[in-house]
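Derivation of every value follows stated rules applied to the coordinates shown; laboratory data play no part. Predicted, not measured: the structure shown is a model, and the values here were computed from it. Using ideal geometry, Cβ is built from the backbone for each residue, glycine included, and neighbour counts are taken over all protein chains shown.
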Amino acid sequence: MTNKIFSSAAAAVADIPDGASLAVGGFGLVGIPAVLIDALLEQGATDLQTVSNNCGTDGFGLGTLLEARRITRTTASYVGANKEFARQYLSGELEVELTPQGTLAERMRSGGAGIPAFYTPAGVGTVVAEGGLPLRYDGDGGVAVASEPKEVREFDGTPYVLERAIVTDFALVHAHRADTAGNLQFRGTARNFNPDVAMAGRITIVQAEEIVAAGEIDPADVHLPGIFVQRLVEVGRQETGVEIEKLSSRGEDRS
C-alpha cells in the first residue's frame, strides 16, 4: 500500500504550483485546514483559484492567502464579513463566482463521483441561471465580466438549471481522525464541506488531528473512504475560534 503520510504540512503542499486550483474545506472558522493553508502561505504559490464555501475571514483561513494577494479567483456561496474580500472584489482585483450553497456542495461531490453535470431547481429564475452575475468589477463601479446564461430544462413541468461539476488540481481538508489508508472521520459540524472537497481534488491533502493504524476506525465511523485521499499529515488538536461574538444586554449569554 502506498505510504500517504507526510512528515509535515510544508512537505505535503510543497509541489502546489502557481495557478493551481484548490478546493478547501470548512465553514466559517469550523473545519478549516488552517495548518495546510499556513504552510501554503509560507510556500509561496500564487495566482491560485480557490473553491470553498467562503474565502476565510480577515486574518484566518483562506483570508490569509487573500490578504497576501495570492488568490485571483474564487468560487464560493458566502461572502461573509471579510472586508478585504469585499474590497478586492469591488475593486476588480478578484474574480468571484457566487453559487447557491447546496449547488456548490453537489458540484464538488459530482466532480469526485465522475458526474460531469446535473440539473437543480436552485437558482432558476435568478441571475444564477439567467446570467449577468458580476464575476469581476472594473474598479469604477461597473461590471467588467459577467456570468453567462445557463441551460434550463423542464422535467415533469418543473424548470431546472444545468450546473457543471467541479474538479480541482488539489484539495485541502481537515479531519478529526484518519487511518494510514486515508479513511477519514470528521467531528460534528467540522464535517461540513470537507467530504465533498476531498472528493473534488485530483490530489487531496488532509490535515488530521490524529492518525491511527489502518482498521482502528470502525467502518461504521468512516465518513470518507481512503480512495479519495492521497496525502496525510498529523497536526494535533486544533482549536476553533469565535467568528462572531454576541453578548446579551446583561452579558449572560455568549455564542
Cα pair distances in the range 1-47, grouped into 10 Å bins until the bin that holds the longest one, percent each | 24, 49, 25, 2
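If packing is taken as the average number of other Cβ atoms within 10 Å across a peptide's residues, how do 175-188, 5-18 rank, most packed first?
On the way: 175-188: 21.4, 5-18: 16.2.
In descending order of packing, they fall as 175-188, 5-18.
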If each part is reduced to its alpha-carbon centroid, the range 30-52 and the range 122-190 end up apart, in Å, by 19
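What is the packing order of peptides 24-33, 164-173, 142-151, 230-239, taking the mean over residues of other C-beta atoms within 10 Å and listing the highest first?
Details: 24-33: 25.6, 164-173: 23.7, 142-151: 12.6, 230-239: 16.8.
So the peptides 24-33, 164-173, 142-151, 230-239, ranked by packing, come out 24-33, 164-173, 230-239, 142-151.
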Using only the Cα atoms of the chain, what do you get for the radius of gyration and for Dmax, in Å?
-> 18.9, 58
Simple spin-label model, 7 Å along Cα-to-Cβ: ALA11 to SER248 in nm?
-> 5.1
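Would you mind giving the three semi-axes, in whole Å and largest first, of the ellipsoid equivalent to the range 176-244 according to its Cα gyration tensor?
On the way: eigenvalues 70, 41, 28 Å².
Computed over the range 176-244, the values are 19, 14, 12 Å.
Under 10 Å from the Cβ of VAL222, count the other residues' Cβ atoms, weight Lys and Arg +1, Asp and Glu -1, and hand me the total.
Details: positive: ARG177; negative: ASP179, ASP218, ASP221.
Here the count lands on -2.
Could you work out the local net charge near CYS55, counting Lys and Arg as +1, Asp and Glu as -1, over the other residues with Cβ closer than 11 Å to its Cβ?
Summing Lys and Arg as +1 and Asp and Glu as -1 gives -2.
Computed over the Cα atoms, what is the radius of gyration of the range 108-201 divided by 2.2 N^0.38 Å, N being its residue count? Display every interim value, and only then the final one.
Values: Rg = 17.6 Å, N = 94, 2.2 N^0.38 = 12.4 Å.
In units of the 2.2 N^0.38 Å rule of thumb, it is 1.43.
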In terms of modelled amide H atoms, which long-range or inter-chain residues lie less than 5 Å from the amide H of LEU232?
-> ILE5, PHE6, VAL206
